[in-house]
Every structure is written in C-alpha cells, then in structure tokens.
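Have a look at the structure below before the remarks.
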Amino acid sequence: MSFLKTNNLAKSYTRRGEEFFAVDRVDIELYKTDFAVITGHSGSGKSTLLSLLTGILKPDSGEIIFDGKDLTQLSEDKLAYLRCSEIGYIPQGNTLLYNLSVIENITLPSKLSGIKGVNIVELLKKVGISHLLNERPRNLSGGEARRVAIARSLISNPKILIADEPTSDLDPENADSILRLFEEINKGGTAIIIVTHDRQIPTAANRYFMMQNGKIIEN
Ligand SMILES: Nc1ncnc2c1ncn2[C@@H]1O[C@H](COP(=O)(O)OP(=O)(O)OP(=O)(O)O)[C@@H](O)[C@H]1O
Ligand SMILES: [Mg+2]
C-alpha cells in the first residue's frame with residue numbers, strides 16, 4: 001500500500017511577469033520502507049517539492065496523500081501537529097537557533113507541541129552528539145550542526161524523514177557517516193526522502209528520482 005502519494009501536484013511562481021511551474025504535475029508514490037533520493041540541477045524544483053510534501057507550502061493544485069490523509073485539505077494547526085509528530089523535516093541549509101543550546105534546539109519543537117519525544121539519551125547517542133549537549137550552534141562544525149538538525153527531526157520518531165541536501169557542505173567522510181545514519185533510520189522503519197547531488201548517492205537508497213524544470217522522473 002502506498003504511504004505517500006502525490007497526484008498532479010503543481011506549484012507556480014511568477015517572475016518578471018511570467019508564470020512558471022517550480023513543481024509541474026508531479027506524481028510520485030512511495031512505500032513505507034522506501035529510501036528515495038531526488039537529484040536535479042539547482043532551480044529544478046527540489047526544495048519546492050519537499051516544502052509541499054511537508055505541508056509548509058500550499059500547492060496550486062493536486063493532492064498529497066500521506067498515510068491516508070490528504071495534506072492539502074488539512075488546517076494549518078493539523079499540519080503543524082503532523083510536522084511535530086509524523087513528519088521529520090530537515091530543511092536546506094543551517095536552520096538551528098543560535099541563541100539556544102544543542103539540547104534546547106533538539107527539544108524545542110516537542111516542548112512547544114507537547115508531544116512526547118523519543119528517549120533523548122538514545123537519540124543523541126545514535127546521532128553521535130551526546131558530548132555536545134550544552135554547546136551553542138556557533139561552536140559546532142558543519143557536520144555536527146547537521147547532526148543536531150537530524151536529531152531535532154527525529155525527536156518524535158516520525159514515520160517519514162524528509163531531508164533537503166543533508167550532506168551538502170560536508171567533507172566526504174562526514175557525508176558518508178550521515179548517509180549511514182539515514183540507512184540505519186530507514187532500516188528502523190522510517191521512510192526517507194532526501195534531496196542530494198549525484199556524487200553523494202547513498203547506496204542504501206531503493207528509489208531514484210530526477211527533477212528537471214519542475215517535472216520529476218523516476219530512474
Ligand atoms: N518564493 C519563491 N518565489 C519565486 N520563485 C521561487 C520561490 N522559491 C523558489 N522559486 C524559484 O523556483 C524554482 C525552484 O526553486 P527550488 O528552490 O525548488 O530549486 P532547487 O531544485 O531546490 O534548487 P537548489 O539545488 O539550488 O536548492 C527556482 O527557479 C527558484 O528561483
Ligand atoms: Mg533546494
């Protein structure tokens with residue numbers, strides 16, 4: 001049974017008076033065990049598609065059926081709740097809050113939502129940042145900061161993890177260890193979608209998509 005399915009999903013923007021589709025009639029169907037990779041040139045619509053899949057961005061048209069619910073029909077409150085419970089999201093770039101410590105960054109979403117998180121000690125161990133709990137993000141390396149964002153996305157034990165270029169800016173060794181972590185998370189029963197570049201294709205992935213001018217094809 002499909003777990004995440006889009007039908008004719010579309011989102012357009014207007015630039016210099018011209019409308020263009022950042023996401024153009026995308027149909028994908030993923031299963032609960034999938035580890036999906038999306039590649040494509042800069043500007044091809046990858047981040048826009050992920051923002052739609054998390055419910056952060058509203059599509060112009062189409063459906064997003066996640067675990068039996070059409071996300072396009074849910075209220076903002078319900079979507080926010082889903083993002084604190086069932087959908088883990090790691091946005092592109094650095095999204096940590098700089099005035100908060102590592103542990104505060106990780107636990108803030110679950111505190112705000114009141115949703116009970118997973119065992120934090122185990123999570124930190126798994127992600128490899130147990131020794132950094134009280135650090136501020138500015139004192140972390142790129143790889144460490146990325147691990148904090150990963151831990152934050154996993155605190156609710158989500159059913160799906162959606163990550164936008166989680167290994168960009170990392171050296172090959174760090175990128176590799178993050179991809180191995182994703183593999184472990186996927187084996188633990190969480191579906192994964194990551195946007196990445198060709199040279200970082202994780203070996204554990206079983207679905208490969210490419211975006212071009214807002215359209216998606218499966219390879
Ligand atoms: N809020 C916005 N308003 C107008 N145009 C936008 C907006 N957000 C994105 N775009 C445009 O939509 C297109 C797709 O952007 P998107 O960020 O999805 O690309 P991407 O594939 O993630 O690129 P990258 O690999 O550089 O992150 C680009 O042409 C971008 O300039
Ligand atoms: Mg992007």
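The values are calculated or read from the model by the stated rules, or taken from the named source; none is laboratory data. These numbers come from a predicted model, not from an experiment. Neighbour counts run over all protein chains shown; Cβ positions are idealised from the backbone, glycine included. To get the accessible areas, we keep the full protein, side chains included, count just its heavy atoms, and leave off ligands, DNA and RNA. Shrake-Rupley method; radii C 1.70, N 1.55, O 1.52, S 1.80 Å.
To put it simply, the accessible area of the chain at a 1.4 Å probe is 49 percent carbon and sulfur. Report, to one decimal in Å, the Kirkwood hydrodynamic radius for the chain based on all distinct Cα pairs. The Cα-based Kirkwood calculation yields 17.7 Å.
With the simple spin-label model, which puts each label point 7 Å out from Cα in the Cβ direction, the Arg16 to Val121 separation comes to 6.0 nm. Phi angles across segment 178-187 convert, under the Karplus curve 6.51 cos²θ - 1.76 cosθ + 1.60 with θ = phi - 60°, into 3J(HN,Hα) values of 5, 5, 5, 5, 4, 4, 5, 5, 5, 5 Hz, Gly and Pro given as x.
Taking label points 7 Å from Cα along the Cα-to-Cβ direction, Leu108 and Lys32 give a separation of 3.3 nm.
At a probe radius of 1.4 angstrom, the accessible area of the chain per residue rounds to 50 square angstrom.
Please give the charge dipole size of the chain, origin at the Cα centre, charges +1 on K and R Cβ atoms and -1 on D and E Cβ atoms. Round to the nearest 20 debye. Don't skip to the answer; put the middle values down first.
Numbers: 26 positive and 27 negative charges, 82 e Å.
It comes to approximately 400 debye.
Inter-label distance, Ser130 to Asp171: 2.4 nm, where each label sits 7 Å from its Cα along the C-beta direction. Between Thr33, Thr203, Thr48, the residue with the greatest mean-square fluctuation in the GNM of the chain (Cα pairs under 10 Å linked by springs) is Thr203.
Report the relative contact order of the chain, percent, no decimals, based on alpha-carbon pairs under 8 angstrom and at least 6 residues apart. Intermediate results must be reported in sequence, preceding the final value.
Numbers: 411 pairs, mean separation 65.5, N = 219.
Rounded, it is 30 percent for the chain.
Compute the convex hull volume of the Cα atoms of segment 130-219, divide it by the residue count, and report the result per residue in Å³ as a whole number.
On the way: hull volume 11.2 nm³, N = 90.
It comes to 124 Å³ per residue, whole-number rounded.
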